[in-house]
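Let me begin by presenting the structure, written as structure tokens, before commenting on it.
Read the figures in this text as sums done on the coordinates, not as results from a lab. What you see is a predicted model; the values in this text were computed from it and never measured. All Cβ positions, even for glycine, are placed from backbone atoms using ideal geometry, and neighbour counts span all protein chains on display.
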Amino acid sequence: MHGAATSAAIESATGPAEACRLLLASDGAYEPLEDSARNLANYLDGNPKQAATDFTGAAIEHAGSYADNATVLVADLPAADSRE
């Protein structure tokens, strides 16, 4: 790692046990979009593979010459009652 140490941005939420979409993204993927005031959810349409591709592509495009490692995982999680 170069320069100052950084810490991971970890967010969590608790809500109804409904089906949902999980996004795991490296700072090189989410920071360019957040820094340009983009709503991250706008890049999560379609199936998980397409959403990850769109999210990563948008991050690289917005980062321009400052593009960094942009890694994204998108997964659809079933409702809690369907996991049993």
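See the values below:
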read-out: Residue 65-residue 37 FRET efficiency (beta carbon distance; Förster radius 25 Å; 0.05 resolution); value: 0.80
read-out: Computed FRET value (nearest 0.05) for residue 45 with residue 81, which takes r as the C-beta separation and R₀ as 30 Å; value: 0.75
